[in-house]
Amino acid sequence: MKKWNRIILFTLLLSLGFTAQAQKGVEVTESTEEINDVNGNALRTIINRADEKTISKEWKKLMKSYKASVKTKGNEVHATEVMVSSISEFPIQVYAQINEISETEMELLVIFMNGDRSISSSSDISGYTAAKKIVEDFALQISNEATSAFFENEEDQLKNLEKQLDDLKDEKKKAEKEIEEAKELIKEREYDLKENEKKREETLKSIEAQKQAVKNAKKELEQFK
């Protein structure tokens with residue numbers, strides 16, 4: 001009984017592990033980083049399937065929605081006069097950096113500066129929670145759009161391959177039909193050859209008989225010369 005309980009428990013834990021992995025989605029963590037010569041607490045997340053250009057463009061657009069003045073330099077985006085009421089009643093600065101970490105994943109680092117200090121979970125939990133939601137929602141949206149585009153592309157490739165397979169199947173059927181037709185034609189031609197051989201043999205016999213008839217007629221003719 002205990003053995004079966006252990007097996008059931010193991011199966012449940014394994015299932016929960018797979019479910020958690022499948023629902024991983026977007027995660028935002030904290031780390032100390034330096035962006036644009038500013039050192040501070042940064043919010044870090046991973047964006048799936050999007051390139052640096054797209055992330056930079058969309059982050060810039062997001063910052064402008066907060067009435068910010070935005071400048072980009074390389075893989076960094078610096079926003080000033082950012083009005084985010086859920087973080088502060090005063091304008092803040094936001095420093096973002098985008099780094100490639102694999103062929104499919106990009107790292108987004110963001111430092112929210114409220115005055116001369118960076119927002120963190122230890123110094124400003126309310127501001128940190130609001131900033132985290134901004135980063136989280138952004139990463140989720142861009143990852144969803146980019147991954148959806150990737151999925152559609154993969155799906156299109158699958159459809160193309162399936163169509164290619166259907167075409168190959170049709171070609172196979174056509175070739176098999178032509179082979180069967182060719183076999184029938186070969187049989188007909190083989191029969192024709194056999195018939196031709198019989199007729200040739202009969203014709204040769206007729207020729208020999210006619211040659212004899214010609215000889216006989218010639219002899220008969222010579223009697224009257």
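Taken together, the values in this text are just the output of simple stated rules run on the coordinates, not laboratory data. Keep in mind it's a predicted model, so treat the numbers as computed, not measured. Note: ideal-geometry Cβ built from the backbone for every residue, glycine included; neighbour counts use all protein chains shown.
Observations, loosely collected:
- All-pairs alpha carbon distance profile, the stretch 24-151, 10 Å steps from 0, percent: 14, 49, 32, 6, 0
- Cβ-based net charge around ASP170, under 12 Å, with every Lys or Arg adding one and every Asp or Glu removing one: +2
- Candidates LEU43, LEU109, LEU185, ranked by Gaussian network fluctuation over the chain, Cα under 10 Å, top entry: LEU185
- Exposure proxy for PHE90, PHE112: other Cβ atoms within 10 Å of each Cβ, ordered fewest to most, give PHE90, PHE112.
- Cross-link partners of LYS64 among aspartates and glutamates (Cα-Cα below 19 Å; sequence separation of 8 or more within a chain): GLU52, GLU76, GLU81, GLU89, GLU136, ASP137
- An ellipsoid equivalent to the stretch 174-225, defined through the eigenvalues of its Cα gyration tensor, has semi-axes of 49, 7, 4 Å when rounded to whole angstrom and sorted largest first.
- Placing unit charges on the Cβ atoms of the charged side chains and taking the dipole of the chain about its Cα centre, the candidate lying farthest along the positive direction among TYR128, PHE224, THR203 is PHE224.
- The charge dipole of the stretch 24-151, taken about its Cα centre with unit charges on the Cβ of Lys, Arg, Asp and Glu (plus for the first two, minus for the last two), comes to roughly 440 debye.
- Relative to the longest principal axis of the Cα atoms of the chain, helix 125-222 runs at roughly 0 degrees.
- Within the stretch 24-151, percent of DSSP bridges classed antiparallel, to nearest 5: 100
- By definition, a body whose alpha carbon gyration tensor gives a ≥ b ≥ c is prolate when a/c is 1.5 or more and a/b is larger than b/c, and the stretch 129-225 fits this prolate description.
- Relative contact order (%) - the chain, alpha-carbon pairs under 8 angstrom, separation at least six: 16
- Rounded to the nearest 20 debye, dipole of the chain from Cβ charges on Lys, Arg, Asp, Glu: 1180
- Expected 222 nm ellipticity per residue - DSSP helices of 4 or more, -39500 (n - 2.57), all of the chain, to 500: -22000 deg cm²/dmol
- Farthest towards the positive end of the charge dipole of the chain, among the residues ALA79, PHE112, SER56, is the Cα of SER56, using unit charges on the Cβ of Lys, Arg, Asp and Glu.
- Separation of alpha-carbon centers, the stretch 179-193 and the stretch 54-81, rounded to whole Å: 77
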